[in-house]
1. Charges only on Cβ, +1 for Lys and Arg, -1 for Asp and Glu: so what's the dipole of the chain about the Cα centre, in debye to the nearest 20?
2. Multiplying the sequence separation of Val22 and Gln62 by 0.36 nm and subtracting their Cα-Cα distance, what value in nm do you get?
3. Past 22 Å, Cα to Cα: identify those pairs from Lys5/Lys64; Lys36/Lys74; Lys5/Lys80; Lys48/Lys80; Lys36/Lys64; Lys10/Lys36, in the order given.
4. Note down the Stokes-Einstein diffusion coefficient of the chain in µm²/s, whole number, using a Kirkwood radius over alpha carbon pairs, 25 °C, and 0.890 mPa s.
Amino acid sequence: MNRPKFHVRKGDRVEVICGENVGSQGSVLQVQTKKKRVLIDGVNMVKKSVRPTQDRPQGGFQEKEAPVHISNVKLLERSK
């Protein structure tokens, strides 16, 4: 089975061209090939509830990036 080819790779600088985060720029942290989505540093932040653990006894909320569909991003600069 062949791997799909995408126009962006991990480390590339991209800009969001569609959706609620339009105009946001960042570097690609991860490409999810099966879901056709990318994680972009500092873009599409969501709050996730975290259970109390020994490291974090209070629990609470954690902000993290949510994936954006690959068709909604434009390549600005290729990583080396």
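Values in this text are rule-based calculations from the coordinates and carry no lab data. Just so it is clear, the model here is predicted, and its values are computed rather than measured. Methodologically, a virtual Cβ is constructed for each residue, glycine included, from the backbone with ideal geometry; neighbour enumeration extends over all protein chains shown.
1. With Lys and Arg at +1 and Asp and Glu at -1, about 480 debye.
2. 12.1 nm
3. Lys5/Lys64; Lys48/Lys80
4. Taking Rh from Cα pairs, D becomes 178 µm²/s.
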